[in-house]
Every structure is written in structure tokens, then in C-alpha cells.
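Only one structure is covered here, and it is reproduced in the block below.
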Amino acid sequence: LYIPDTHGHGFWAHKNTLFIYKCTEEYVPEFDSGISPLDKDMGYPWFFGNPKTNYNISEKDKSLPTFTEWKKQMGY
């Protein structure tokens, strides 16, 4: 799957999944941005189904802003 570096993206990996991806440039954390996968306004249902499901979400992803907050940070 090719996703241009100007487009946002995300993925959900089922348990026992190995996911490898290639970046366009060397990773520079201070230029990284993202949108919280937990933002209910985005409308993705994978976290809103069974409340007993144990999701493994990285601390980085947990700390990301909502889409509304991200737009404000980016000046939109």
C-alpha cells in the first residue's frame, strides 16, 4: 500500500501481526504529528465496540491531539 507523505494514515493490526513500513525520510520526532485514534469525532468504530476488548495503544498515540486540536495546532 502506497500512501503519499502528504496524507494522513493509520492502521489497525490484529493480534499476532508483524507490521513493517518504510518512511520517505529519516524519522525526526520533533517534526512528527498525528491525530488521536481515540478521537470519537473521527468516526472510526474499532475502539467503540466491545468495552471489554483490550487494545494495545502506544503511549505516543494515546497522547496525540484530537482532529480539532490538531487543526488548531496546524493553523487551519
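The values are calculated or read from the model by the stated rules, or taken from the named source; none is laboratory data. This is a predicted model, so every value here is computed, not measured. Using ideal geometry, Cβ is built from the backbone for each residue, glycine included, and neighbour counts are taken over all protein chains shown. Surface areas here come from the heavy atoms of the whole protein model, side chains and all, with no ligands, DNA or RNA. Shrake-Rupley method; radii C 1.70, N 1.55, O 1.52, S 1.80 Å.
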Once every DSSP H run of n ≥ 4 in the chain is given -39500 (n - 2.57) and the sum is divided by its residues, what mean residue ellipticity at 222 nm do you get, rounded to the nearest 500 deg cm²/dmol? -3500 deg cm²/dmol
Note down the net charge around L64, summing +1 for each Lys or Arg and -1 for each Asp or Glu among other residues with Cβ under 11 Å from its Cβ. -3
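Under a 1.4 Å probe, what is the accessible area of the chain per residue, stated in Å²? Don't jump to the answer; show the numbers that get you there.
Working: 7290 Å² over 76 residues.
Solvent-accessible surface per residue comes out at 96 Å².
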Pick the calculated log10 I(q)/I(0) by the Debye sum over Cα atoms at q = 0.12, 0.13, 0.16 Å⁻¹ for this structure from (i) -0.31, -0.37, -0.56; (ii) -0.42, -0.49, -0.75; (iii) -0.38, -0.44, -0.63? (ii)
For S63 paired with D5, estimate the spin-label separation in nm (one decimal), with each label point 7 Å from Cα along the Cα-to-Cβ line. 2.4 nm
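Please report the net charge: other residues with Cβ closer than 14 Å to the Cβ of H9, K and R +1, D and E -1.
Spelling it out: positives minus negatives among the neighbours equals -2.
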Net charge near E26: determine it from the other residues with C-beta under 14 Å of the C-beta of E26, scoring Lys and Arg +1 and Asp and Glu -1. -3
Between E30 and K71, with labels modelled 7 Å along Cα→Cβ, what's the label distance in nm to one decimal, could you check? 2.9 nm
